[in-house]
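Trainee: Just passing along the structure, written as structure tokens.
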Amino acid sequence: MMQLNMEKLTNRQFNILEFIRKTKSASNQNIKNYLEEKNKEKISRITIVRDVNSLLKKRIIKKIGEGRNICYQEAIRNKILKYINVDEYFEKGPDERKVIFDRFNFNIFKELNEIFSKKELKELNKLNENYQKRIKKLSTVILKKEFERLTIELSWKSSQIEGNTYSLIDTEILIKENKEAKGHKKEEAIMILNHKKALNYILANKNDFKKINLRKLENVHSILVDKLNVFKGIRKRIVGIIGAKYKPLDNEFQIKEVLEKTLELANNLKDPFSKALILILLISYIQPFEDGNKRTSRLIGNAVFLANNICPLSYRSINEADYKKAIILFYEQNNIKFFKELFVNQFQFAVENYF
């Protein structure tokens, strides 16, 4: 099974990484001297070796040279994939954090490259081959039921991420029997049912989503926000992000320009995993619509998967707080590492639990 590094570093391991980043290259002795000076206490060489080996195993650093000339460098050159201590980052509020980007970074298009290594893509495709083999063996009736199950769970979780309070059971009853749960706002039921309609629209036209254009994006958004008193089309108003210092673009023409650039970038990618991930992140980052941006991004990501015979995501097992933190890290740091880990984790979950 494919494994990405979702383990957290200890404070000492993170300090070692920060020292290697600062010095560009460091030996075990350099690291030992640094930590002893920093912490004002002796640290055994065995402890240093153990921590360094842990960082090597996680592929966060790499070894250079041989024998006494061995030193260590950060393994990830692409800064969008560098390790960030997520818990430490969010210990501070948005106005206290060291935010790199509080406005849209127009250079982001140049930096979104080599998101997945060849090894990772090989493993992702191998996982998907299992899904493709299984669905070929399913009867039409079973396949329909499985898509219904995924639709229910996606509609529930995607809505929950946006603050919807329907339970999974209430969502199932709503979608299957069209019965609204008591004690909930009408808008919550509409939000959930709109997910079902949007997914049905994508399934009915899945081959059309091999390439994404603005019209298709707006169609999905329009279905998702139907009857929710949300303006349809590219927004003309300023929007803010709860819990983040980042402020999206406020010029309608700039919004459309970067959105078109996003679609061009995605459509030129041969790898559908990178394509889906980039669309999910950049649609959320641009915030092209008045509301419903993250919902639209998740459905468009699934549209890319379905168009390429890849198992769609339900996000059922994702922690909504982690999802929001991963998105904010991209907004404020343009770092995709945490979101990538969640994305791969949800793909593994989908392949193992559906169809």
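Where a number appears in this text, it was derived from the coordinates with a stated rule and is not lab data. As the structure is a computational prediction, the values presented were derived from the model and not from experiment. All Cβ positions, even for glycine, are placed from backbone atoms using ideal geometry, and neighbour counts span all protein chains on display.
Trainee: If you add up the charges near Leu306, with Lys and Arg at +1 and Asp and Glu at -1, over every other residue whose beta carbon is less than 12 angstrom from its beta carbon, what do you get?
Mentor: Working: positive: Lys206, Lys210; negative: Asp208.
Around Leu306, the charge tally is +1.
Trainee: OK, next. Subtracting the Cα-Cα distance from 0.36 nm times the residue separation, let me have the gained length for Gln254 to Gln132 in nm, one decimal. Each step should come with its number before you reach the end.
Mentor: Details: separation 122, 0.36 × 122 = 43.92 nm, distance 4.02 nm.
Working it through step by step, the gained length comes to 39.9 nm.
Trainee: While we're looking at this one, here's another question. Working from Cα positions, state the angle (0 to 90°, nearest 10) between the long axis of helix 118-137 and the longest principal axis of the chain.
Mentor: Result, in degrees: 30.
Trainee: A further question on this structure: Using +1 at the Cβ of each Lys and Arg and -1 at the Cβ of each Asp and Glu in the chain, identify which of Leu299, Ser54, Ile234 lies farthest towards the dipole's positive end.
Mentor: Ser54
Trainee: From the square roots a ≥ b ≥ c of the eigenvalues of the alpha-carbon gyration tensor of the stretch 212-306, which class results: rounded (a/c under 1.5), prolate (a/b over b/c), or oblate? Mind showing how you got there, number by number?
Mentor: Values: a/c = 1.63, a/b = 1.35, b/c = 1.21.
Prolate is the answer for the stretch 212-306, as a/c is 1.5 or above and a/b outweighs b/c.
Trainee: To the nearest 0.05, what FRET efficiency results for Val49 and Glu18 with a Förster distance of 25 Å applied to their C-beta separation? Write down the numbers at each step before the final one.
Mentor: Working: r = 18 Å, r/R0 = 0.74.
Using R0 = 25 Å, I get an efficiency of 0.85.
Trainee: Where Rh is the Kirkwood radius over the Cα pairs of the stretch 42-145, the temperature 20 °C and the viscosity 1.002 mPa s, what D in µm²/s does Stokes-Einstein return? Each step should come with its number before you reach the end.
Mentor: Details: Rh = 18.9 Å.
In µm²/s, the coefficient rounds to 114.
Trainee: Counting each DSSP H run of 4 or more residues in the chain as -39500 (n - 2.57), what helix-only mean residue ellipticity at 222 nm follows after dividing by all residues, to the nearest 500 deg cm²/dmol? Spell out each step's value before the answer.
Mentor: Working: 15 runs with 205 residues, N = 355.
The helix contribution divided over the chain gives -18500 deg cm²/dmol.
Trainee: Ok, one more. In sequence order, what are the phi-derived ³J(HN,Hα) couplings for the stretch 80-85 according to the Karplus relation 6.51 cos²θ - 1.76 cosθ + 1.60 with θ = phi - 60°, rounded to whole Hz, with x for glycine and proline?
Mentor: In residue order, the calculated couplings are 6, 10, 6, 5, 10, 6 Hz.
Trainee: Helix 293-307 against the longest principal axis of the chain: what's the angle in degrees, Cα atoms only, rounded to the nearest 10?
Mentor: Helix 293-307 and the main axis of the chain meet at about 90 degrees.
Trainee: On to the next question. Sorted from largest down, give the three principal axis spans of the alpha carbons of the stretch 249-355, whole angstrom values.
Mentor: 43, 29, 23
Trainee: If you don't mind, there's one more thing I want to ask. Describe numerically, in nm with one decimal, the distance between label points set 7 Å from Cα along Cα→Cβ at Glu352 and at Asp226.
Mentor: For the pair Glu352/Asp226, the computed spacing is 3.6 nm.
Trainee: Which entries of Lys22/Lys63; Lys40/Lys245; Lys196/Lys256; Lys38/Lys98; Lys145/Lys196 show an alpha-carbon separation above 24 angstrom in the structure shown? Don't jump to the answer; show the numbers that get you there.
Mentor: Values: Lys22/Lys63 16 Å; Lys40/Lys245 36 Å; Lys196/Lys256 27 Å; Lys38/Lys98 22 Å; Lys145/Lys196 14 Å.
Flagged as over cut-off: Lys40/Lys245; Lys196/Lys256.
Trainee: Kindly give Rg over Rh for the chain, based on alpha-carbon atoms, with the Kirkwood expression for the hydrodynamic radius.
Mentor: On the way: Rg = 22.3 Å, Rh = 22.1 Å.
That ratio is 1.01, to two decimals.
Trainee: Determine the gain in length on full extension of the stretch Gln29-Asn308; use 0.36 nm per residue of separation and subtract their C-alpha separation, reporting nm with one decimal.
Mentor: Using 0.36 nm per residue and subtracting the Cα-Cα distance, I get 95.4 nm.
Trainee: Here is a further query. Once phi is turned into θ = phi - 60°, what whole-Hz ³J(HN,Hα) does the Karplus curve with 6.51, -1.76 and 1.60 give for every residue of the stretch 94-99, x standing for Gly and Pro?
Mentor: Computed from phi, the couplings for the stretch 94-99 are x, 7, 9, 6, 7, 7 Hz.
Trainee: Right, next: Which whole number of Å³ per residue matches the convex hull of the alpha-carbon atoms in the stretch 11-75? Don't skip to the answer; put the middle values down first.
Mentor: Details: hull volume 5.0 nm³, N = 65.
For the stretch 11-75, the hull spanned by Cα atoms encloses 77 Å³ per residue.
Trainee: If you average the sequence gap of Cα pairs under 8 Å that are 6 or more apart and divide by the length of the stretch 11-75, what percent do you get for the contact order?
Mentor: On the way: 67 pairs, mean separation 25.0, N = 65.
Rounded, it is 38 percent for the stretch 11-75.
Trainee: Next up: For a 28 Å ceiling on Cα separation, which of these pairs sit above it: Lys32/Lys58; Lys186/Lys324; Lys92/Lys185; Lys247/Lys337; Lys79/Lys216? Don't skip to the end; give the middle numbers.
Mentor: Details: Lys32/Lys58 20 Å; Lys186/Lys324 25 Å; Lys92/Lys185 33 Å; Lys247/Lys337 21 Å; Lys79/Lys216 32 Å.
Too far apart for the 28 Å limit: Lys92/Lys185; Lys79/Lys216.
Trainee: Test of understanding: what is the full-extension gain from Asp271 to Lys144, defined as 0.36 nm times their sequence separation minus their Cα-Cα distance? Write down the numbers at each step before the final one.
Mentor: Details: separation 127, 0.36 × 127 = 45.72 nm, distance 2.73 nm.
That pair, Asp271 and Lys144, stretches by 43.0 nm at full extension.
Trainee: Report relative contact order for the chain in percent, whole number only (criteria: Cα-Cα under 8 Å, sequence separation at least 6). Mind dumping the intermediate values first?
Mentor: Details: 417 pairs, mean separation 72.6, N = 355.
Computed value for the chain: 20 percent relative contact order.
Trainee: As an exercise, use a Förster radius of 51 Å and the Cβ-Cβ distance of Asp208 and Asn69 to find the FRET efficiency, rounded to the nearest 0.05. Spell out each step's value before the answer.
Mentor: On the way: r = 57 Å, r/R0 = 1.12.
According to the calculation, E is roughly 0.35.
Trainee: Could you work out the Rg to Rh ratio of the stretch 77-137, with Rh taken as the Kirkwood radius (inverse of the mean 1/r over all Cα pairs)?
Mentor: Values: Rg = 18.1 Å, Rh = 15.4 Å.
Taking Rh as the inverse mean 1/r over Cα pairs, Rg/Rh reads 1.18.
Trainee: Between Arg77 and Phe109, with labels modelled 7 Å along Cα→Cβ, what's the label distance in nm to one decimal, could you check?
Mentor: Placing both labels 7 Å beyond Cα along the Cβ direction yields 2.4 nm.
Trainee: Which net charge results when you count Lys and Arg as +1 and Asp and Glu as -1 among the other residues whose beta-carbon is under 12 Å from that of Asn200? Write down the numbers at each step before the final one.
Mentor: Working: positive: Lys144, Lys196, Lys197, Lys206; negative: Glu148.
Spelling it out: positives minus negatives among the neighbours equals +3.
Trainee: Based on Cβ point charges of +1 for Lys and Arg and -1 for Asp and Glu, what charge dipole magnitude is obtained for the chain about its Cα centre, in debye rounded to the nearest 20? Could you put the intermediate results ahead of the total?
Mentor: Values: 68 positive and 45 negative charges, 203 e Å.
Around 980 debye, computed over the chain.
Trainee: Still on this model: Could you name the aspartates and glutamates whose alpha carbon sits less than 17 Å from that of Lys144, not counting residues in the same chain fewer than 8 places away?
Mentor: The reachable aspartates and glutamates, counting only those whose Cα sits under 17 Å from Lys144, are Glu153, Glu172, Glu177.
Trainee: Taking loop as defined by DSSP and a crowding limit of 11 other beta carbons within 10 Å, which GluC sites (Glu not before Pro) in the stretch 33-66 fit? The partial results should precede the final answer.
Mentor: Working: sites: Glu36, Glu37, Glu41, Glu66; in loops: Glu41, Glu66.
Loop-located and lightly packed - Glu41, Glu66.
Trainee: Still on this structure, please answer the following. Test of understanding: ordering Ser284, Ser222, Ser139, Ser25 by Cβ neighbours within 10 Å, fewest first, what list do you get?
Mentor: Values: Ser284 23, Ser222 18, Ser139 8, Ser25 12.
Neighbour counts put them in this order, fewest first: Ser139, Ser25, Ser222, Ser284.
Trainee: Tell me, how many Å apart are the Cα centres for the stretch 119-182 and for the stretch 308-355?
Mentor: After rounding, the separation between the Cα centres reads 15 Å.
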